[in-house]
Amino acid sequence: MTTAGIDLGAKFVKVLFLKDDEVLARTQERAGFEPVEAAKRAFAAALSESGLTENDLDAIFATGAGRQVSPFTKDSVTEVGAAARGTIHLYPSVRTVIDVGGEEGRAVKCGETGKVEDFAVNEQCAAGARSFTESIARALEVPLEEFGKLSLKSEKSIPMNAQCAVFAESEVVSPVHAKTPKEDISRAVHDAIASRIISMVRRVGINNEVALVGGVAYNPGFVDALERGMETKVIVPEHPEYVGALGAALTARERSK
Amino acid sequence: MKANYGYMDGSGEYYITIDTDHCNDCTDHPRVGACPVGMFEIIVDDYDDEVAAIKEENRKKVKYDCAPCKPVTGRPPLPCVEACPADAISHSW
Ligand code: SF4
């Protein structure tokens, strides 16, 4: 059976095609102001990458914040359900899934089939690490890709509130004026974001193995802050931003049987 | 399943927890109408169960939306907690 998952996230639309357990295509587009158009482009790219036509797909499921407006799909699965299902497929022993996206975060406790047992969601501004770190990296004139790595050079914890992406730049004014090294500011930012995510994780419990999915998992500074804060290792899959789309494709397969 | 909706900010943790395992046994979902702000809704979850949830537009501001029910002193019982016969709802603050 060949299925597709379309994950309409706040920042990016991701599309994944799955045939049995083989991934045939992974594509993404920036969601921008027209996520439906972005989804159509990502879907077309996935068709061309896989050499399939739309008729070859047995079922297409959507997930993500924009799942209700997703083109091509008849049904959907929540972000919580998709993250859990996709992660358990990749790592059957994981029981706690942390999913941090562009503008939201969630923590999920799940069973061995990927069924959600408990979850916590935080959709407040800057709950997703990406928007916040983008703003601070810009303010410090550091490329975003370097910003996470920079924090690994710091050994000093300085407190930072880091609540609002809109006021993010004002958060770093004082440390910049105090000539705080950029690596210490970077670590403070990642620690502050991680502490809010960890507050959610503690609500569902840190169970057995822990995985981090979502695009923010590429940020080594955030992974490090999370591991220090939770005092546990975190598993990061190879394509963390596609785990939601994978979960949607798997759900499509299961519901079509 | 315990569903936690809310956030942590500089002043504390603000989560509303709904134990949705109880929602299936409940026919009229009385707490949905009990909240003066109308924060609750009934949704069909990924497992085809009808469960209560906090509406998306309220999830980012539960601290402020619940403020009228939570005076600083002499806090009365919360309408949502009182209305749920299964004790399925709790607040972290
Ligand atoms: S405390 Fe009041 S406003 Fe808040 S959810 Fe309960 S009934 Fe609604």
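The values are calculated or read from the model by the stated rules, or taken from the named source; none is laboratory data. Since this is a predicted model, take the numbers as computed values, not measurements. Positions of Cβ are generated from backbone atoms using ideal geometry, with glycine treated the same way; all protein chains shown enter the neighbour counts. Note: accessible area is taken over every heavy atom of the protein model, side chains too, but ligands, DNA and RNA are not part of it. Shrake-Rupley method; radii C 1.70, N 1.55, O 1.52, S 1.80 Å.
Observations
- Surface calculation, 1.4 Å probe, protein heavy atoms: B:HIS91 sits at approximately 40 Å² accessible.
- Helices in chain B, meaning DSSP H runs of at least 4 residues, each add -39500 (n - 2.57). Divided by all residues, the mean residue ellipticity at 222 nm is -3000 deg cm²/dmol.
- Label separation (A:LYS179 vs A:ASP21): 5.8 nm, computed from points 7 Å beyond Cα along the C-beta direction.
- Probe 1.4 Å, protein heavy atoms only - accessible area per residue of segment B:22-93 in square angstrom: 57
- Check: the protein assembly as shown dipole with +1 on Lys, Arg Cβ and -1 on Asp, Glu Cβ, in debye: 840
- A probe of 1.4 angstrom, applied to the heavy atoms of all protein chains, finds A:LEU150 with accessible area near 30 square angstrom.
- Chain A: relative contact order as a whole-number percent, Cα under 8 Å and 6+ apart: 24
- Principal-axis tilt of helix A:79-90 within chain A, Cα atoms, nearest 10 degrees: 80
- A 1.4 Å probe run over the protein chains yields, for chain A, 42 Å² of accessible area per residue, whole-number rounding.
- Rounded Å value of the spacing that divides the Cα centres of segment A:176-210 and segment B:52-93: 28
- CD proxy at 222 nm, helix term only [per DSSP H run n ≥ 4: -39500 (n - 2.57); per residue of chain A; nearest 500]: -12500 deg cm²/dmol
- Considering only the protein assembly as shown, percent of DSSP beta bridges that pair antiparallel, nearest 5: 70
- Neighbour net charge for A:PRO237 - beta-carbon separation under 15 angstrom, K R +1, D E -1: -2
- Partners of A:LYS156 within straight-line reach, counting lysines whose Cα lies under 23 Å from its Cα and excluding those fewer than 8 residues away in the same chain: A:LYS179, A:LYS182, A:LYS233.
- Coupling constants for segment A:243-257 follow from the phi torsions by the Karplus curve (6.51 cos²θ - 1.76 cosθ + 1.60, θ = phi - 60°), and in residue order they are 5, x, 5, 4, x, 5, 5, 5, 5, 4, 5, 5, 6, 8, 6 Hz; glycine and proline get x.
- Legend: residue pairs A:LYS14/B:LYS63; A:LYS40/B:LYS2; A:LYS14/A:LYS109; A:LYS14/A:LYS74, Cα-Cα distance threshold 29 Å; pairs beyond threshold, A:LYS14/B:LYS63; A:LYS40/B:LYS2.
- Dipole axis of the protein assembly as shown (+1 Lys, Arg; -1 Asp, Glu on Cβ), positive-most option in A:LEU250, A:LEU212, A:GLY51: A:LEU212
- Relative to the compact-globule estimate of 2.2 N^0.38 Å, the Cα radius of gyration of segment B:2-91 comes out at 1.06.
- Whether segment A:57-131 is rounded, prolate or oblate, judged on the alpha carbon gyration tensor where a/c under 1.5 counts as rounded: oblate
- For the pair A and B, the buried accessible area comes to roughly 1900 Å² in total, with a 1.4 Å probe and the value rounded to the nearest 100.
- Share of carbon and sulfur in the accessible heavy-atom surface of chain A [1.4 Å probe, %]: 49
- The distance separating the Cα centre of segment B:4-28 from that of segment A:216-257 comes to 24 Å.
- Estimated from the Cβ-Cβ distance and a Förster radius of 30 angstrom, the FRET efficiency linking A:LYS149 and B:ILE43 is about 0.15.
- In degrees, nearest ten, helix A:35-50 long axis to first principal axis of chain A (Cα): 60
- C-alpha long axis of helix A:129-139 to longest principal axis of chain A, angle in °: 40
- For segment B:1-19, residues shielded by at least 50 square angstrom of accessible area compared with the chain on its own, probe 1.4 Å: B:MET1, B:ASN4, B:MET8, B:TYR15
- Shape of the protein assembly as shown, Cα gyration tensor, a/c cut at 1.5: oblate
- Rolling a 1.4 Å probe over the protein heavy atoms leaves B:MET8 with an accessible area of roughly 50 Å².
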